[in-house]
Amino acid sequence: MSGLSNTERVGLKKILSLMETCDLFSLSDTVTNKVIEVENVAEAIETILSFSKNAEELLKRKKVQRDLIFKYLASQGVPMLPSSDKHQLVRRTQELWSSAKTPERTSRQPKAPDSNVLKAEVGFDPLLLGQRFCDWFFKMLNSQNPSMGQQPQDWGPQHFWPDAKLSLLSRVTDEQVEELLGAEQVSLRLLSLTREERLFLSPNLQPHGLKALASPHGLVLVAVAGTIHRDKACLGIFEQMFGLISSPLDGNSWKIKFVNMKIRGQNAVEGMEVAAPTLNYNSTELQQYSVSLMHNFPVKRKWK
């Protein structure tokens, strides 16, 4: 009856094992139309898998709640934004299974490594995380700009580690450097860029504008370039580097450990079209930066 692959069965078993027993029995009744009675959890899981047509159908069942899928993906080292809806989580789970690169089949090579080994070790693509993070981060920050006429999204210190750091270097008429420490202070200073100064930050998420690197210690570096606008005027360009670390106490969600931001101004021209800026950081520089940062931000273990 079941059209599940072995990979899907293994993954679904893990998700179903996260369910409350009463919900599991109820789901068994639903998929079998109460034709089969089960006596224990193991029997319920096997019955559900046997009577499910495919993985997507089962994942979309109401009893298979969003949080269960989110926890499963986190346990497999697959980063998802906390704001991801169930449809996005289901799609990402199917992608994981279709690639047949679940942790059970991933080769853990002892040598220290190049980027491909690193991806296998952490179980995800840092660049994909970087793209999703930047899309989420800048949409949320830009929504705080009153001139955009949007409903402000949930910005705040909860997205940062308590000891987060911000280094802000701006070159407009002269050079100014700001250094801030603490989630509250970092959050408020970044917020002021859009809420008080009414800036709009437009990141270049194309390959030449975005780079990402994962260290074997759990730190992910994301570097992005973009343009800065106010109303119809382009005011300059920016480069921003984020350090992200997964929080095992918050559902393995990714939080910001540090932000380094460089702003370079130019003569504002109404309606000016500016080519998407290219990121100056290269992978080697990011790797060196990652190593130096780990001396300041020691992480004793990898979070999965």
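Things to note:
- Remark: V177 falls outside the filter, which requires a residue to be among the β-branched types (V, I, T) and surrounded by 22 or more Cβ atoms within 10 Å (Cβ to Cβ).
- Qualifying residue in segment 32-50 (condition: closer than 30 Å to D125 by Cβ and either free of Cβ contacts under 8 Å to residues at least 60 places away in the same chain or not assigned by TED's automatic domain parsing to the domain that holds V90 (or both)): yes
- Of everything listed in (1) out of contact with any Leu (no Cβ under 8 Å at 6 or more places or on another chain); (2) surrounded by 13 or more Cβ atoms within 10 Å (Cβ to Cβ), the single unmet condition for N54 is (1).
- Of the candidates R61, R91, the single residue that is touching a residue at least 12 places away in the same chain (Cβ under 8 Å) and surrounded by fewer than 18 Cβ atoms within 10 Å (Cβ to Cβ) is R61.
- If the condition is being surrounded by fewer than 19 Cβ atoms within 10 Å (Cβ to Cβ) and closer than 13 Å to T194 by Cα, then segment 225-241 contributes R230, D231.
The values are calculated or read from the model by the stated rules, or taken from the named source; none is laboratory data. Quantities reported herein were computed from a predicted structural model and do not represent experimental measurements. Because the Cβ atoms are built from the backbone with ideal geometry, glycine has one as well, and the counts that use them run over all protein chains shown.
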